[in-house]
Every structure is written in structure tokens, then in C-alpha cells.
1. What is the number of the single condition among (1) more than 29 Å from M247 (Cα to Cα); (2) surrounded by fewer than 18 Cβ atoms within 10 Å (Cβ to Cβ) that A303 does not meet?
2. Could you identify the single residue in V143, V116 that is in the same structural domain as P169 (by TED's automatic domain parsing) and either surrounded by 19 or more Cβ atoms within 10 Å (Cβ to Cβ) or not aliphatic (A, V, I, L, M) (or both)?
3. Of all the residues that make up region 86-105, how many are free of Cβ contacts under 8 Å to residues at least 24 places away in the same chain and closer than 23 Å to L180 by Cβ?
4. Filter region 227-258 down to residues that are farther than 27 Å from R181 by Cα and among the hydroxyl-bearing types (S, T, Y) and give me whichever is surrounded by the fewest Cβ atoms within 10 Å (Cβ to Cβ).
5. Here are some conditions: (1) among the acidic types (D, E); (2) under 25 Å from K75 (Cα atoms); (3) part of a loop (DSSP other than H, G, I, E, B). E177 meets all but one. Which one does it not meet?
6. Just one of (1) under 18 Å from A191 (Cβ atoms); (2) at pLDDT 85 or above; (3) of a type in the set (D, E, K, R) trips up E309, so point out which.
7. Is there a residue in region 124-140 that is within 22 Å of E193 (Cβ to Cβ) and in contact with a Leu (Cβ under 6 Å, 6 or more places away or on another chain)?
8. Taking region 123-140, which residues are crowded, with 17+ Cβ neighbours inside 10 Å and farther than 21 Å from T182 by Cβ?
Amino acid sequence: MGFSSGRVWFRGVNWIIPQYSNTVVDKAGARLVKPKAWLDQKDFENALDIVENHRAAHSFPLLVFRMGLSLKAKKIDPNFVVAQRIKRLPSLENKLRRFPTMRLTHMQDIGGCRAVVRTVAMVRRLTTSYVNSDIKHKRLRIVDYIKEPRESGYRGVHIIYSYYSDRKPTFNGLKIEVQLRTRLQHAWATAVETIDTFTGQALKGGKGESEWQHFFALMSTYIARKEKTTLVPNTPVDEIGLRAQIMYRARTLEVDAHLQAYRATLLQLEQHVKGARYYLLELDSKAWTVNIYGFKGNQLELAMSRYAEAEKRNANQPGADAVLVSATSLDELKRVYPNYLADTHVFLGILSESVNSPVP
């Protein structure tokens, strides 16, 4: 792999460093999504190696931001959950295809860490702690999807940074996205990703069947009402009308039955996870299995290599997916990435409340 030659030693780990200029990385990204790029196998694999190195090089800056996020979140919510992930190669490619003028080095979410806290007030306090922070990293922008939800219903706060260090300038300029969500917002996003995974839709990207899109927009507005925040565009403003539409969509789509079946049928296979810091999740939604492989904190290079191998295997396998994430424990992993385990019980509880509880 392209990331195997350059490293920086820190905290017992050989961190992968960028090996190529931004110009070379951008050209490789463009080649990767070029129509029929695979016909020139040598050129395609060279481009893939360059992109893999660029992607893997985000691991060290990502660790720095995750540690900072954990410290900030702990002061606000003792029951916070924080995890990190490197963007999946299929997601990276899809984004480049959706935005043909985008350069790979300008992509802002290749490395991302997320905090889930209890309430909107806690998200606001956490956001303020970043705004008032004196960290040297350059804050590029803050996108508040709680104040202005997407039409899909997605809500949360995204803070984009460009990494900067006068001590470790090797990684300067790499971009990291910090995501902040409430538990209910996270439950909603988990349900969306679960439906995407098992039905092959792209609701997360604003595509997919219109009935499912409408259902999730309605549910996001129901949650927004509970959290006393901005409602999702083009959804009912009155609670009676909102609940009636949720009930209709939930019944016609058989939402409860689908989500319950995914969780009940999925076979979870945990391998070598005790004391792990990195977790590779390989999901096969056709075979209804998810394999979880654990790697120690000093095995990042091995984990990245296995991740790249898994993505190559999955390239032509519908329903196969892989993601490499970092969490302090397997339990934390399951709380932050429950969509890979089809664990949507929190969302189902909200759905049940929306159709069964008395209207105030």
C-alpha cells in the first residue's frame, strides 16, 4: 500500500504520514472516479494507493481531535460517548462523483470524530467550548443543522478544522470534522443508516424512495418538537397532523417490522476484540452477518491494511460494507455505531411514543 513507507512515531504507534503533494492526491482522486478507470489496472491501482495514503494520514490528526473532544464532552455530560472513523472509500468515491469539481484535498470529512450527549443544551455548550477555544488549529466553519435542519431531517452540529501544529507540521492542512449530536438525533441517524444498509437505498445522501424520505423527515420533526428546536422543512407544524402522517407512513412501510427483523436476524461475530482500540466492522447485509475484528492501539498500520483489503473485496459485492473506527471499548463502539449492528431500539421507542402516546 502507498501508506507503508512514511511514519511518525508517537505514543507507541507508527503514524502514517502524507507521502504525496496535494496536486498528486487531487489527480489520483480524479482518476479513481473516472469512468471505466479500472480498465487501466496499473494506473487505477497507483491512484488507489495514493488515495489510501492520503486517507490513512488523517489518523494522527483525528486522534488529536478525538482526545480534545473527549476532554470537552466529559466536562459537560459525564455519560457522553465519543468515537472516530476514517471515511469509507465508497463514501469518498461517491462524494467525488456527486461533486465533480471537488478536489480530494478539499474534502472536509475524511477524518471525523463524533460526540453524542444527552440534550441540545449540552450540544450548545460543547459548541461554545470550541468557539471559545484557543487551540491553534484553524477553524474553517461551523454548520448548525439543528438551527437549520436539512430537508432529509438530518440534524446536528458540524465543526470543520484544518490541523495545525508547530511541533508536528507533517500533518498540517489535513481537515477533520467534529460532529456533535444529541441521543435522539443520533438514534434518528442510526435508523436512517440501518435502512440504507439493508435496502440498498441512499437516504443519508438525500436519495432513496420518497416514502422513506418523507417518513424520516416526519420523525425528525417529531424529535425536534421534543427538543424544542427548528422543525424540518415541508413537514406539518401541528402535532396532530404530524402524528397522523407518521402513523400512516410507519404502517404502510412496516417500519417496526423491518427494523426488528434486521436486528433479530443479524449474526454478530466478534473476533480478537479484548482490549482493542480500533475496530474493523465487516457487514454482509445479504448473508446477515457482521464480523468485528479488534486491533490494539499500536496496530493501526495493520488495521488500516486490513481495512483496505476489506474494501477491495467488497468493491463488487452488493450488500457488503466495511468501516474502521476507534472507540475505548466494544460497548462504546456499539453505542456510537449501532447501525452496523442494526440496533435501532432507541429509535423504535421514539416511534412507538409518537403513535401511541396521548396528544397533549
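The values are calculated or read from the model by the stated rules, or taken from the named source; none is laboratory data. Bear in mind that the values here come from a model prediction, so they are computed numbers and not experimental data. Note: ideal-geometry Cβ built from the backbone for every residue, glycine included; neighbour counts use all protein chains shown.
1. Among (1) more than 29 Å from M247 (Cα to Cα); (2) surrounded by fewer than 18 Cβ atoms within 10 Å (Cβ to Cβ), the lone unmet condition for A303 is (2).
2. Result: V116 is the single residue among V143, V116 that is in the same structural domain as P169 (by TED's automatic domain parsing) and either surrounded by 19 or more Cβ atoms within 10 Å (Cβ to Cβ) or not aliphatic (A, V, I, L, M) (or both).
3. 2
4. T252
5. Unmet for E177, out of (1) among the acidic types (D, E); (2) under 25 Å from K75 (Cα atoms); (3) part of a loop (DSSP other than H, G, I, E, B): (3).
6. The number of the failed condition is (1).
7. Scanning region 124-140, I find no residue that is within 22 Å of E193 (Cβ to Cβ) and in contact with a Leu (Cβ under 6 Å, 6 or more places away or on another chain), so the answer is no.
8. H137
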